[in-house]
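Written out below as structure tokens is the structure these notes cover.
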Amino acid sequence: MSGDADVRHFLEIDDLSPAELETVLDRAETYKQAQQQGEEHPDLDGQTLGMIFQKPSTRTRVSFETGMTQLGGHAVFLGEDDIQLGRGEPLKDTSRTLSRYVDAVMARVFKHENIEVFAEYASVPVVNGLTDDAHPCQTLADLLTIREEEGGFEDVSAAWIGDGNNVAQSFVLGCAIAGIDLTVATPEGYGIDDDVLAGARELGGDPTVTTDPVEAASDADVIYTDVWTSMGQEDEYDVRMEAFEGFQVRSELLEHAPDASVMHCLPAHRGEEITDDVIESDRSIVFDQAENRLHAQKALLSWLLE
């Protein structure tokens, strides 16, 4: 027996239409203002979020768990080795069982196909907390941060500089939905998947792809980077360090974008993809971006469960 076909899941950022994205971001802004003013907002009173983790986490775990508490609900941490999933229980069995206990599931896993299977058999909303292919929750926070910083998305230009990883791929799609003009600069062989670029164009975006970081950064409003070696790629470290030479976000690069804000999804490998002085500068909105994971995810959960 498969899951409920009428249940809304959030596995990719383009699971949201432009109107739905605006609704979620508006709600995130409302929650952020409420928290700053000390107002309670128990919109998920009595509800429970199951959180499955195959990968370690700081921001994802703490923001979801804190978010559910602030919404009046409860979150249960489920490490892979703490549940039968780590002992070989089929994903579909775990999914159907958890659906009988909790109101929603957030999963942070390796293979993207695993979260798709989980959602197929779930009868409650499933949220992608990160896979090897996508990180849509990060993109929600990114877009909220850009909207705050720029006052909206109209006439905003962004540059992604570095690896075409899961964060980059979700950001490409998110920029297409929001109408942000995006240029992506990656070394040869480390670019965005062709299917993702095609998907962005189907959404109305037209991302520019280059191997020149200066071209991407020039006159951008936002410059975004991430680690060059993600979890599970540690054996590629030396090769990647050589391939990404020249792609570091440093003060010299920012001279080509004098008004740009700098973003990084964290954790950062300071001194590799970004210099310490840049991430600590007044151009950095990295920690606003990190905070916005909390507000964006609260908005997403309440929207999915309403």
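The values are calculated or read from the model by the stated rules, or taken from the named source; none is laboratory data. Here the structure is a predicted model, which means the values were calculated and not measured. Positions of Cβ are backbone-derived with ideal geometry, glycine not excepted, and every protein chain shown enters the neighbour counts.
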Got a number for residues in region 127-160 being under 19 Å from GLN297 (Cβ atoms) and either modelled with pLDDT under 95 or hydroxyl-bearing (Ser, Thr, Tyr) (or both)? 3
Provide a single number: the residues in region 70-122 that are assigned to a loop (DSSP other than H, G, I, E, B), surrounded by 14 or more Cβ atoms within 10 Å (Cβ to Cβ) and in contact with a Gly (Cβ under 9 Å, 6 or more places away or on another chain). 7
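Okay, residues lined up against (1) crowded, with 24+ Cβ neighbours inside 10 Å; (2) of a type in the set (S, T, N, Q):
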position: GLU148; (1), (2): no, no
position: GLY151; (1), (2): no, no
position: GLU154; (1), (2): no, no
position: SER157; (1), (2): no, yes
position: GLY164; (1), (2): no, no
position: SER170; (1), (2): yes, yes
position: CYS175; (1), (2): yes, no
position: LEU182; (1), (2): yes, no
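Here is a yes/no grid of residues against (1) charged (D, E, K, R); (2) touching a residue at least 40 places away in the same chain (Cβ under 8 Å):
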residue: LYS32; (1), (2): yes, yes
residue: GLN37; (1), (2): no, no
residue: GLU40; (1), (2): yes, no
residue: LEU44; (1), (2): no, yes
residue: LYS55; (1), (2): yes, yes
Residues of region 276-306 that turn out to be crowded, with 16+ Cβ neighbours inside 10 Å and in contact with a helix residue (DSSP H, G or I) (Cβ under 7 Å, 6 or more places away or on another chain), as a count: 20
Matching entry among HIS256, HIS264, HIS295, HIS269 (being more than 22 Å from the chain's Cα centre (by Cα) and modelled with pLDDT of 95 or more): HIS256
I need a count of the residues in region 251-290 that are within 26 Å of SER63 (Cα to Cα), in a helix (DSSP H, G or I) and touching a residue at least 60 places away in the same chain (Cβ under 8 Å). 3
Those residues of region 197-230 that are loosely packed, with under 13 Cβ neighbours inside 10 Å and in contact (Cβ under 8 Å) with a residue 40 or more places away in the chain come to a total of 1
Run down SER230, SER302, SER251, SER261 and say which single residue is of a type in the set (Ser, Thr, Tyr), touching an Asp or Glu at 6+ places or on another chain (Cβ under 8 Å) and under 30 Å from GLN47 (Cβ atoms). SER302
Might you check whether a residue that is within 21 Å of ILE279 (Cβ to Cβ), out of contact with any helix residue (DSSP H, G or I) (no Cβ under 7 Å at 6 or more places or on another chain) and either hydrophobic (A, V, I, L, M, F, W, C) or not assigned by TED's automatic domain parsing to the domain that holds ASP277 (or both) occurs anywhere in region 178-195? no
